[in-house]
Each structure stands twice: as C-alpha cells, then as structure tokens.
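The values are calculated or read from the model by the stated rules, or taken from the named source; none is laboratory data. Quantities reported herein were computed from a predicted structural model and do not represent experimental measurements. Virtual Cβ from ideal backbone geometry, glycine too; neighbours counted across all protein chains shown.
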Amino acid sequence: MSTKRRRKSMTKYKRTELKIVFGGFVAVLIITLILGFSIISKRKANTVVTTTEKQTTQQTEEKTEKPEDKTEEPSSEEDSTEEKTTEDETEESTDGEDTTADENSSPFNPSTISIDESKWELTLLNANYKLPDGYVPELAPAIPGSGESLDKRVQPYYEKMYNAAKAEGVLLTPYSGYRSIATQTRLHTNKVDSYKSQGYSNYEAEKMATRWSMLPGCSEHNFGVAMDICNTRDDFNMTEQYAWLVKHAAEYGFIERYKGEKEQYTGVAAEPWHWRFVGVENAKAINESGLCLEEYLGKTD
C-alpha cells in the first residue's frame, strides 16, 4: 500500500473516531439534561405539595381554634305565648360590668313599692321597683268578649280607645293584658335559662333576659295597666295600628312605654306594641315632653 493511501485511510479512521466520540459526548449531555430537568421538576412538585399541605393544615387549625358564635333569639318581655319577637338577636355587651360579682347572683334587687292610691296610674315598675307580694288588681275584660283583662280602672279607657279606632277601620286587638306573677315567673325563668344554655353565668343571663322579660312583680302586666296590642312583632311600628296609637293613644291616657332610644332609663328593649295607662293629662304631658316615664317621674337612677 502506498504512503498516500495509508495516510488517507488513517485520516478517514480518525474522522470516524472523532464522530463516535462527539456523538457519545452529545448523548451523555442530552441524558444529563434530561435527568437534571426531571429532578428539578420533581423538587418543584414536592415544594408545591408541601406548601399546599401547610396551607390546608393552617386553615384547619384556624377553624378548630375559632370559638363557636353564640346566637340568641330574644323574646318579647310582654309575650304571654313566649313568641320570638326579634330577628336580629343582638347579644348585649357586658362591658363595664362588675367582674367581681358572684356569677350565681342576680344583678337586680328591686325595692318593694307602696302604691299611692291618689296617683296609682303613675306607679313606676321596672327592675328597681316591684309590687307588694300577693298584689292582684281588680280585673275586667279589656273589651267585651276578650280573654285579656286590665285593671278595672283602666278598662273603660281601653274600650273607648278600641271603639274610636274601630270607627276609623283600625282594630286594636287586645293581645296580652294582665299577667299573673306565676306566668311572669315562668316567662322570665325561661328567658334566663335560654341565655344560661348558651354558656352565660346566671348574673349575665339575668341581666340580658330582663331586657326582654321583666322580673316577676316588676312587670306592668302584673299591675294590670298595660296592654300588648295586636301582636309582639318587631314590625308592629310599621302598621296602621301603631300609626293610629302614636297619634291618638294619649287622648285615652296611654303611652308607648318602651322606646328604643330610652332603654338606658327603662332597662327594656324597644317594644312598640306595649302601651301603658298613665291617665289622660299625664299621657299628653309625657308625649309633649318627649320623656319616658322614668324621666317624667325623676327616677332615672
């Protein structure tokens, strides 16, 4: 073989060898890139899973630690059938309460009143003042045929008011008038127990319940001078009966006893259905003054 041919053959061999080496290098590079990409993808996936798990765990812990909301459905202070009267049950705040008070005690200690017969119609009853033990008024049906009664001294005024409204096409149906101490005790106890079942102490429950159900002997219904008219629904103040009463009730000696803006004095939440007899002159004077009965009598303590 000539030298020239031998050189040519060697050159061709080297080129082939270089191609094989280069091809191998490229193959290794590609495999390395593929493996590297695979590892990075797995790490990212693991990171996402771990993050998701942490978020899920955190959300679960937050739900577990969040205390259950306490809801309440307060009933009317003047509802003899224990009808629920407010839809938004607002929890009464106990901020500012005496935290040293015995949790099993009562926040109220009403004084027993002595009824002045010369001005009996202005007798004040609330959580601070109660009727003498055993007091029962002389009663009469609010209107003929009604199962609801009032003090017999109040009854003629209510009947006149009822007839006057009826003549104008407005029915002031007697819904809840006189109430015995036994009935008042049952209503008040049920309301207190309702709050206690939600976790409140007796002290807290008693204080909140009295906004809706007055203490036995402290309710104007026990005195026979008040009437819940038509119903005990929160929307009563949107009715034609309420509009008529606002305009004319004082002419017959009745006032809207519990207005929302006067709760700081009355201790009772708004009850537009509850109308109290105070006498014609007093009713007109109270309406003109814009005062509640406590303010009118100077007993706001």
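Of all residues in segment 291-301 being aliphatic (A, V, I, L, M) and not in a loop (DSSP other than H, G, I, E, B), which is nearest to residue 127 (Cα to Cα)? Ranking the candidates gives 293 first. Every condition in (1) surrounded by fewer than 22 Cβ atoms within 10 Å (Cβ to Cβ); (2) in contact with a strand residue (DSSP E or B) (Cβ under 6 Å, 6 or more places away or on another chain); (3) closer than 17 Å to residue 134 by Cα; (4) not polar (S, T, N, Q) holds for residue 220 except the one numbered (1).
Identify all residues within segment 129-145 that are assigned to a strand (DSSP E or B) and within 33 Å of the chain's Cα centre (by Cα); write none if there are none.
Those that are assigned to a strand (DSSP E or B) and within 33 Å of the chain's Cα centre (by Cα): 129, 130.
Considering segment 226-290, the qualifying strands (runs of 3 or more DSSP E), each wholly inside and each with 3 or more residues that are touching a residue at least 40 places away in the same chain (Cβ under 8 Å) and under 18 Å from residue 120 (Cα atoms), run over 271-277. Annotation: of all residues in segment 124-145 being surrounded by 13 or more Cβ atoms within 10 Å (Cβ to Cβ) and not aliphatic (A, V, I, L, M), the one that is nearest to residue 284 (Cα to Cα) is 126. Restricting attention to segment 110-128, the residues that are part of a helix (DSSP H, G or I) and in contact (Cβ under 8 Å) with a residue 60 or more places away in the chain add up to 2.
Let me confirm something: among 148, 73, 121, 77, which residue is modelled with pLDDT under 95, closer than 30 Å to residue 281 by Cβ and of a type outside the set (S, T, N, Q)? Answer to the selection: 77. With the condition kept exactly as written, say whether any residue in segment 151-171 is surrounded by fewer than 19 Cβ atoms within 10 Å (Cβ to Cβ) and under 34 Å from the mean Cα position of the chain (by Cα). The answer is yes, given that some residue of segment 151-171 is surrounded by fewer than 19 Cβ atoms within 10 Å (Cβ to Cβ) and under 34 Å from the mean Cα position of the chain (by Cα).
Within the set 234, 193, the sole residue that is farther than 14 Å from residue 149 by Cα, of a type outside the set (A, V, I, L, M), at pLDDT below 95 and surrounded by fewer than 20 Cβ atoms within 10 Å (Cβ to Cβ) turns out to be 234. Reported count of residues in segment 200-221, each being in a loop (DSSP other than H, G, I, E, B) and over 18 Å from the mean Cα position of the chain (by Cα), is 5. Within segment 173-199, the set of residues being in contact (Cβ under 8 Å) with a residue 24 or more places away in the chain, under 16 Å from residue 104 (Cα atoms) and not in a helix (DSSP H, G or I) comprises 198, 199. Tallying residues that are in contact with a helix residue (DSSP H, G or I) (Cβ under 8 Å, 6 or more places away or on another chain) and over 25 Å from residue 239 (Cβ atoms) within segment 169-190 yields 4.
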